[in-house]
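To start, the structure itself, in structure tokens.
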Amino acid sequence: MKPKVAFFDFAGCEGDQLQVANLEEDFLALLGQVEIVSFREVMKEHSDNYDIAFIEGSCTRLQDEDRLKQIRKNAKIVVAIGSCAAIGGINSLRNYKDLDAVKKIVYGESAKLFDTYAARPIDAVIPVDAYVYGCPIDREDFLHVVKSLLLGKKPETPTYPVCVECKKNENVCAFERGQFCVGPVTRAGCNSCCVNEGTICWGCRGLVDNPNENSHKEVLIKYGLTVDDAIGKFRLYFGWQEAKR
Amino acid sequence: MNDSSLDVDVHHVTRVEGHGNIYVNINKGIIEKCEWSISEAPRFFEAMVVGRSWSELHHITSRICGICSIGHSLASLKATEGALGISISEQDLKLRKLALHAENMQSHVLHLGFLVLPDLMGVGSVVPLATTNLPDVKTVLQLHRTANEMSNLICGRTTHPQRLIPGGFSKIPSMKELAVLRKKLQDAIPNLQAVAGLFKSLAGRFPNFRRETEFIALTDPNEYALYDGNIASSDTGTAPAKEYLVFTNEYVVPRSTAKWAKHVRESYMVGALARLNINYKRLPPKARRTAEMFNLSPMCYNPFMNNVAQLVEVVHNVEDSIRLINELEAAGLQTQSDYNKPEVKAKAGSGIGAVEAPRGILFHDYTYNAKGICTKANCVIPTNQNHGNIELDMKALLPQILDKPQKDIELTLEMLVRAYDPCISCSTHAIKVNFT
């Protein structure tokens, strides 16, 4: 019997589920290994009988918690896919603002009709068994996690920063180019894909376990940057993680 | 089932991007309720970008949508560049047009092959088609992959582009890489013809429905407008993009977390069919022939034909991309650093970026302070502009199909929603609204 899998989304852009559709021929191969029973973005069929639930997006309102708890109840394994689900991601930018004010700016008099709270990752609401990081997720990384789960293994996740991969790729360091980069404290696994394309690491995979803050401070001082510069950049994706620390 | 009662409640319409619901309530043959509503969680992007730097806005607003992240990035960059007085080179302009073609092609092929084709084949998703119609599915996948490879090459990624930055590109492809892409695009043409043939054989399954409405799209005297142009309305003519608020007039509908919009009528339509109706004369030859194959020409008032208009546009994307690569080659591709970062001086100002995203005209409007920090933002999303039109189409279509079994009514209404290819994550990014 092929394991049954389901995809769900909360507050997010659905770019991670698109990466699954973007597997192209590998998507057909995936269909050979698992039975997809729910994937609203691409299929009409739906079943609550599934083994693995992939969840995209942050939880941003109380009313969505029940749906998450139901998914947790139905699934043997819950996987958070993408930055919004795994770490809170870019949605947590608004957590630094007064949410009532934000709501009023956006919906004016009708603000009371739409409830919301601080954007949070899925594991702030229900236990999560595995993570696929990134904004968006990397297709190979997704397949790696799926393969590990099918083999009954816990997927391995890098515990070192993006700099390790970036050095291996022989990129010119962003700091050397006069730019600010959060690669030194961001979890690797993306093969430094943004720096490879000529930009910087924005931190979408979240803080690495035990980030070496002292050495990062040294880097900032060496390049004449301030802690304020750093905080601004950290807030882009690390908001929820920072608040928890 | 004219005299009976019926409740249709399609909670979370499938095979669309995001969460939208259809509510229909018929009592003894009388339609008491026919509603389209959006339940997606709101995301507040306009509030989130306030306080952020000009160098980040395209990165943040790209996340409004995973499907049209290139369109959002480009609208964002144009708004920032307008505000800060930055111009881009002729070469970068061509490369950006290629980026938009790549996204348009990717998005349309995904919609037609994964989301629409199952309806026409009478199945619930592309999954069973992978068994019953494998060659067709493979042709679609091949086209989809070519579009994604093009995004990868031009933007450095398929979703949430990296290379597109204020003032140009952080990194550009080599002419050799562009030539390889050109070959793939040429090879895509027979595949496209095969898909066109498949849709032609199934086109009779699109309901023959017509409701007159207003169409709004960008227009340009020299080309089929996607990256740039004036705003054109099929009712009122053209106006510069900076006057977008005159057209969009967004308003809050209490049952929907997304905003709605209207211009001179109760609603208007944006997207492939709007573009085709307005810019038909500027379609290149192969795209024009594809439209003729389906007898599609202006003014077409059947929203289901938006699917066919998308197919025509994919042909245009391929044809025009080949032309752009030829032009880049003829002009000689200027090389640049692989970590290019154009010099930008922050200053106070406002700018508006308008582009045609796959689902229609998209506006980003930013104000920056002297330090280049965003103080105000407004984004008007294609799908929001279509919500009103979707509901009015539903209300007009429903009486015509009341005699059908409930299952068929439900499917036809779902097909109508899907024809608009709504992008609901986008549409609930939340917009500032003025109450009077």
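The values are calculated or read from the model by the stated rules, or taken from the named source; none is laboratory data. Just so you know, these numbers come straight off a predicted model, no measurement behind them. We place every Cβ from the backbone using ideal geometry, glycine too, and count neighbours over all the protein chains shown.
Laid out as a table, the results:
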{"read-out": "Set B:Asn326, B:Asn302, B:Asn306: member being crowded, with 23+ Cβ neighbours inside 10 Å, more than 30 Å from B:Ser53 (Cα to Cα) and touching a residue at least 24 places away in the same chain (Cβ under 8 Å)", "value": "B:Asn306"}
{"read-out": "Residue ranges of helices (runs of 4 or more DSSP H) in the range A:175-245 with at least 3 members of a type in the set (Asp, Glu)", "value": "A:227-244"}
{"read-out": "A:Arg72 more than 27 Å from B:Asn152 (Cβ to Cβ), in contact with a strand residue (DSSP E or B) (Cβ under 9 Å, 6 or more places away or on another chain), within 13 Å of chain B (Cβ to nearest Cβ) and not in a strand (DSSP E or B)", "value": "no"}
{"read-out": "Hits in the range B:329-340 - residues which are surrounded by fewer than 12 Cβ atoms within 10 Å (Cβ to Cβ), more than 14 Å from chain A (Cβ to nearest Cβ) and at negative phi", "value": "B:Ala330, B:Ala331, B:Gln334"}
{"read-out": "B:Arg275, sole failed condition from (1) among the basic types (Lys, Arg); (2) without any contact (Cβ under 8 Å) to a residue 12 or more places away in the chain; (3) in contact with a strand residue (DSSP E or B) (Cβ under 6 Å, 6 or more places away or on another chain)", "value": "(2)"}
{"read-out": "Unique residue being among the polar types (S, T, N, Q) and surrounded by 21 or more Cβ atoms within 10 Å (Cβ to Cβ) when the list is B:Ser201, B:Ser151, B:Ser174", "value": "B:Ser151"}
{"read-out": "Single unsatisfied condition, A:Val79 versus (1) modelled with pLDDT of 95 or more; (2) of a type in the set (A, V, I, L, M); (3) out of contact with any strand residue (DSSP E or B) (no Cβ under 6 Å at 6 or more places or on another chain)", "value": "(3)"}
{"read-out": "Selected residue [within 7 Å of chain B (Cβ to nearest Cβ) and either surrounded by 23 or more Cβ atoms within 10 Å (Cβ to Cβ) or without any contact (Cβ under 8 Å) to a residue 12 or more places away in the chain (or both)] from A:Lys112, A:Lys97", "value": "A:Lys97"}
{"read-out": "Count of the range A:38-71 residues which are among the basic types (Lys, Arg) and within 18 Å of A:Lys4 (Cβ to Cβ)", "value": "2"}
{"read-out": "Test: residue in the range A:31-38 that is within 19 Å of the chain's Cα centre (by Cα), under 19 Å from A:Ala80 (Cβ atoms), within 11 Å of another protein chain (Cβ to nearest Cβ) and touching a residue at least 24 places away in the same chain (Cβ under 8 Å)", "value": "no"}
{"read-out": "Residue check for A:Lys44: free of Cβ contacts under 8 Å to residues at least 12 places away in the same chain, touching a strand residue (DSSP E or B) at 6+ places or on another chain (Cβ under 7 Å) and among the charged types (D, E, K, R)", "value": "yes"}
{"read-out": "The lone exception for B:Leu273 - which of (1) surrounded by fewer than 23 Cβ atoms within 10 Å (Cβ to Cβ); (2) under 27 Å from B:Ile38 (Cα atoms) it fails", "value": "(1)"}
{"read-out": "Residue match in the range A:30-49 (condition: touching a Leu at 6+ places or on another chain (Cβ under 9 Å), assigned to a loop (DSSP other than H, G, I, E, B) and modelled with pLDDT of 90 or more)", "value": "yes"}
{"read-out": "The range B:183-199 residues that are part of a helix (DSSP H, G or I), paired with ones that are crowded, with 19+ Cβ neighbours inside 10 Å and of a type in the set (Gly, Ala, Ser) (beta carbon under 9 Å, 6 or more apart)", "value": "B:Leu185/B:Ser321; B:Ala188/B:Ala147; B:Val195/B:Gly113"}
{"read-out": "The range B:50-101 - residue that is within 14 Å of chain A (Cβ to nearest Cβ), of a type in the set (A, V, I, L, M) and in a helix (DSSP H, G or I) and, of those, farthest from B:Leu333 (Cα to Cα)", "value": "B:Ile60"}
{"read-out": "Residues (farther than 16 Å from A:Val132 by Cβ and not aliphatic (A, V, I, L, M)) located in the range A:42-60", "value": "A:Lys44, A:Glu45, A:His46, A:Ser47, A:Asp48, A:Asn49, A:Tyr50, A:Asp51, A:Cys59, A:Thr60"}
{"read-out": "Identity of the residue in the range B:209-239, under 23 Å from B:Lys97 (Cα atoms), more than 15 Å from the chain's Cα centre (by Cα) and hydrophobic (A, V, I, L, M, F, W, C), that ends up surrounded by the fewest Cβ atoms within 10 Å (Cβ to Cβ)", "value": "B:Ala239"}
{"read-out": "Filter result (closer than 28 Å to A:Cys194 by Cα and in contact with a helix residue (DSSP H, G or I) (Cβ under 7 Å, 6 or more places away or on another chain)) within the range B:321-344", "value": "B:Ser321, B:Ile322, B:Leu324, B:Ile325, B:Leu328, B:Glu329, B:Leu333, B:Gln334, B:Val344"}
{"read-out": "For B:Val246: the one exception among (1) assigned to a strand (DSSP E or B); (2) farther than 30 Å from B:Asp408 by Cβ", "value": "(1)"}
{"read-out": "Any hit, the range A:161-169, residues being part of a loop (DSSP other than H, G, I, E, B), within 14 Å of chain B (Cβ to nearest Cβ) and modelled with pLDDT under 95", "value": "no"}
{"read-out": "Qualifying residue in the range B:102-116 (condition: in contact with a strand residue (DSSP E or B) (Cβ under 6 Å, 6 or more places away or on another chain) and either in a helix (DSSP H, G or I) or more than 10 Å from chain A (Cβ to nearest Cβ) (or both))", "value": "no"}
{"read-out": "Positions within the range B:117-163 being of a type in the set (Gly, Ala, Ser), more than 9 Å from chain A (Cβ to nearest Cβ), part of a helix (DSSP H, G or I) and closer than 23 Å to B:Arg418 by Cβ, in sequence order", "value": "B:Ala147"}
{"read-out": "Top-ranked residue of the range A:145-160 - restricted to ones that are outside any loop (DSSP other than H, G, I, E, B) and touching a helix residue (DSSP H, G or I) at 6+ places or on another chain (Cβ under 8 Å), ranked as surrounded by the fewest Cβ atoms within 10 Å (Cβ to Cβ)", "value": "A:Leu150"}
{"read-out": "Test: A:Pro184 is in contact with a Pro (Cβ under 7 Å, 6 or more places away or on another chain) and either crowded, with 18+ Cβ neighbours inside 10 Å or farther than 25 Å from B:Arg157 by Cα (or both)", "value": "yes"}
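Here's the yes/no breakdown for (1) free of Cβ contacts under 8 Å to residues at least 12 places away in the same chain; (2) touching a strand residue (DSSP E or B) at 6+ places or on another chain (Cβ under 9 Å):
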{"position": "A:Cys173", "(1), (2)": "yes, no"}
{"position": "A:Pro184", "(1), (2)": "no, yes"}
{"position": "A:Ser192", "(1), (2)": "no, no"}
{"position": "A:Glu213", "(1), (2)": "no, no"}
{"position": "A:Asp229", "(1), (2)": "no, no"}
{"position": "A:Ala243", "(1), (2)": "no, no"}
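One line per residue, one yes/no per condition, for (1) of a type in the set (Val, Ile, Thr); (2) in contact with a Lys or Arg (Cβ under 8 Å, 6 or more places away or on another chain); (3) within 11 Å of chain B (Cβ to nearest Cβ):
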residue	(1), (2), (3)
A:Ala11	no, yes, yes
A:Glu24	no, yes, yes
A:Glu45	no, no, yes
A:Phe54	no, no, no
A:Arg61	no, no, yes
